[in-house]
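What follows is a short report on a single structure.
The values are calculated or read from the model by the stated rules, or taken from the named source; none is laboratory data. Every value quoted in this text rests on a predicted model; they were computed, and no experiment measured them. A quick note on method: Cβ atoms are made from the backbone with ideal geometry, for glycine too, and the neighbour counts reach across all protein chains shown. Note: areas computed on protein heavy atoms with side chains; ligands, DNA, RNA excluded. Shrake-Rupley method; radii C 1.70, N 1.55, O 1.52, S 1.80 Å.
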Amino acid sequence: MRHYHLPDAVRDAEAPLLDSLPDGALMRRAAHGLARVCASELAARTGGVTGRRVTLLVGSGDNGGDALFAGADLRRRGVAVEAVLLAPDRAHPAGLAALRRAGGRVTATPDRPDLVVDGIVGISGRGALRPDAARIVDMIDAPIVAADTPSGVDMRTGVVHGPAVAAAVTVAFGALKPVHALAPAQCGRVELIDIGLRLGPGDLRSLEDADVAALWPVPGAADDKYSLGVLGVVAGGADYPGAAVLATGSAIRATSGMVRYAGTARDAVLAAWPEAVASDDPAAAGRVQAWAVGPGMGVDDAAADRLARVLDQDLPTVIDADGLTLLAEHPGLLAGRTAPTVLTPHAGEFARLAGPVGNDRVAAAREAARDFDATVLLKGHVTVVAGPDGRTVVDTAGSSWAATPGSGDVLTGIIGKLLASGLGPLDAAACAARVHGLAAARAADGAPTHAAAISAALPDVLRDLLRD
């Protein structure tokens with residue numbers, strides 16, 4: 001599991017090291033790690049290190065010092081290093097002296113570098129790049145390695161408000177920060193350098209494959225189709241029978257347990273999934289351990305009545321799509337529930353439920369989770385899963401191939417099946433989001449894909465996860 005820490009927590013962890021280590025030792029640890037990543041990147045991209053050219057973009061403060069010390073290290077490895085000082089009077093004096101002793105030089109503009117190091121601002125930076133820095137960055141036609149965080153990107157939210165660095169690689173010093181999860185397009189590949197910090201749980205978390213494998217329900221010797229959890233699905237209708245097929249199919253593929261379909265697209269579901277048990281009415285579906293409700297079910301009075309009957313059973317329930325639209329119109333439907341509820345809105349559905357998402361997706365998801373006393377999975381280029389207790393997981397599967405019609409129906413079925421198996425709502429939503437993203441990448445294989453292919457890729461993804 002990965003943890004992402006806010007600046008105050010990082011500074012608190014640095015304090016005892018700064019007190020106990022020789023002056024500048026912590027910065028040199030960070031700089032040495034930065035130089036090592038730069039050297040590896042040079043070798044991978046150009047075939048060598050010696051004789052290559054690196055430009056340092058140096059701001060004031062410690063991040064500029066990190067870049068300067070890293071430049072001195074690279075110069076000793078035979079790299080031609082030049083530094084562009086964006087605040088000449090406030091450049092880190094010891095770092096600048098070290099670079100000059102090693103044979104590096106100061107220049108006004110980049111001169112055809114093979115690699116650029118972004119040391120403009122650090123984790124305390126706010127807002128977009130200033131005009132002088134933006135002008136220099138705009139001149140660059142080389143991959144950028146960001147020191148700790150890409151400059152101009154909000155460290156807490158990952159939001160870009162104006163000119164900013166888009167890095168090929170970001171080297172995180174001692175701890176991952178929220179920006180590393182929330183702004184993948186700006187950070188590029190993230191390399192974590194150990195500088196000796198000791199930190200507790202982070203403000204945000206993300207699941208890795210091993211975490212998902214440890215949580216995913218696997219049948220034991222004594223299990224049967226009922227003991228692994230029975231999911232009820234209410235989705236689809238005359239207008240959108242495909243939603244029912246996708247949600248039901250992904251639930252069937254997610255675990256070995258049973259799936260009962262209880263909606264108005266019965267014939268379409270059974271034609272695609274003969275192993276499903278189907279009826280037209282949630283009240284007649286039979287016993288289930290959880291519900292998945294909403295995709296393609298419609299928003300008329302009959303659909304609202306079906307949603308109310310599902311929620312009145314007070315079983316773990318995931319609500320998506322039309323179910324969220326109905327919930328926005330009838331918020332009282334959640335009143336009195338004690339069982340876990342998972343809401344899975346995209347930005348438009350979120351706006352109807354709780355108002356505009358705004359720039360801070362994490363804060364928005366957390367507030368909605370508290371207000372609805374539910375787990376909220378906010379879809380987007382980075383998926384945020386927030387529980388009513390404030391615990392928050394971000395999905396870092398690393399692709400946007402899941403952004404295709406019907407993909408959300410697949411996700412709903414997976415979450416529902418994990419709820420039925422007994423997973424808690426935060427774990428169910430976070431595990432489902434990661435597996436869904438991996439299945440989308442597997443189905444796409446570098447080209448556009450579609451929801452049915454994402455669903456079809458689930459067994460292969462799960463096989464790899466559980467086997468490894």
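Suppose we keep only residues that are open to solvent by 50 Å² or more (accessible area, probe 1.4 Å) and at pLDDT 95 or above within the stretch 185-197. Which one would you say is farthest from residue 143 (Cα to Cα)? Here the answer is 194.
Matching residues to (1) hydrophobic (A, V, I, L, M, F, W, C); (2) assigned by the TED database to the domain that holds residue 190; (3) under 30 Å from the mean Cα position of the chain (by Cα):
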position	(1), (2), (3)
55	no, yes, no
62	no, yes, yes
75	no, yes, no
90	no, yes, no
99	yes, yes, no
110	no, yes, no
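Of all residues in the stretch 126-155, those satisfying the criterion of being free of Cβ contacts under 8 Å to residues at least 40 places away in the same chain and of a type in the set (Gly, Ala, Ser) are 127, 128, 134, 152.
Take the conditions under 17 Å from the mean Cα position of the chain (by Cα), in contact (Cβ under 8 Å) with a residue 24 or more places away in the chain and not in a strand (DSSP E or B) and apply them to residue 247. Does it pass? The answer is no for residue 247. Taken over the stretch 292-309, residues that are farther than 18 Å from residue 345 by Cβ and crowded, with 18+ Cβ neighbours inside 10 Å amount to 1.
Residues in the stretch 261-291 that are open to solvent by less than 40 Å² (accessible area, probe 1.4 Å) and either of a type in the set (Lys, Arg) or in a helix (DSSP H, G or I) (or both): 268, 269, 282. Scanning the stretch 414-448 for residues that are farther than 20 Å from residue 207 by Cα and either at pLDDT 95 or above or of a type in the set (Gly, Ala, Ser) (or both) yields 420, 443, 444, 446, 447. Annotation note: of 429, 443, the sole residue that is in contact (Cβ under 8 Å) with a residue 40 or more places away in the chain, open to solvent by 20 Å² or more (accessible area, probe 1.4 Å), assigned by the TED database to the domain that holds residue 331 and touching a helix residue (DSSP H, G or I) at 6+ places or on another chain (Cβ under 7 Å) is 443. Please work out if residue 317 is open to solvent by 10 Å² or more (accessible area, probe 1.4 Å), in contact (Cβ under 8 Å) with a residue 12 or more places away in the chain, under 26 Å from the mean Cα position of the chain (by Cα) and within 30 Å of residue 366 (Cβ to Cβ). Judged against the criteria, residue 317 is not a match. Among the residues of the stretch 455-468, not a single one is under 22 Å from residue 347 (Cα atoms) and open to solvent by less than 20 Å² (accessible area, probe 1.4 Å). I'd like the residue in the stretch 35-75 that is farther than 18 Å from residue 195 by Cβ and among the polar types (S, T, N, Q) and, out of all such residues, is most open to solvent (accessible area, probe 1.4 Å). Looking at the filtered set, the residue picked out is 50.
Within the set 437, 424, the sole residue that is touching a residue at least 40 places away in the same chain (Cβ under 8 Å), surrounded by fewer than 18 Cβ atoms within 10 Å (Cβ to Cβ) and touching a Gly at 6+ places or on another chain (Cβ under 9 Å) turns out to be 424.
Restricted to the stretch 171-216, the set of helices (runs of 4 or more DSSP H) holding at least 1 residues that are under 14 Å from the mean Cα position of the chain (by Cα) and of a type in the set (Val, Ile, Thr) comprises 178-182.
Being out of contact with any helix residue (DSSP H, G or I) (no Cβ under 7 Å at 6 or more places or on another chain) and assigned to a helix (DSSP H, G or I) holds for only one residue in 305, 314, 239, and it is 305.
One residue is enough: does the stretch 345-357 have a residue meeting the conditions surrounded by 22 or more Cβ atoms within 10 Å (Cβ to Cβ), part of a helix (DSSP H, G or I), at pLDDT 95 or above and in the same structural domain as residue 412 (by the TED database)? Yes, the conditions are met somewhere in the stretch 345-357.
For residue 360, state whether it is of a type in the set (D, E, K, R), open to solvent by 40 Å² or more (accessible area, probe 1.4 Å), in contact (Cβ under 8 Å) with a residue 40 or more places away in the chain and not assigned by the TED database to the domain that holds residue 155. Taking the combined requirement at face value, the residue satisfies it.
Report yes if residue 299 is at pLDDT 95 or above and under 25 Å from residue 433 (Cα atoms), otherwise no. Taking the combined requirement at face value, the residue does not satisfy it. Among the residues of the stretch 328-344, write down those that are assigned to a helix (DSSP H, G or I) and either more than 14 Å from residue 375 (Cβ to Cβ) or not assigned by the TED database to the domain that holds residue 304 (or both). If the condition is that a residue be assigned to a helix (DSSP H, G or I) and either more than 14 Å from residue 375 (Cβ to Cβ) or not assigned by the TED database to the domain that holds residue 304 (or both), then 328, 329, 331, 332, 333 are the ones that fit. Yes or no: residue 322 out of contact with any Ser or Thr (no Cβ under 9 Å at 6 or more places or on another chain), modelled with pLDDT under 95 and either under 16 Å from residue 408 (Cβ atoms) or open to solvent by 40 Å² or more (accessible area, probe 1.4 Å) (or both)? Judged against the criteria, residue 322 is not a match.
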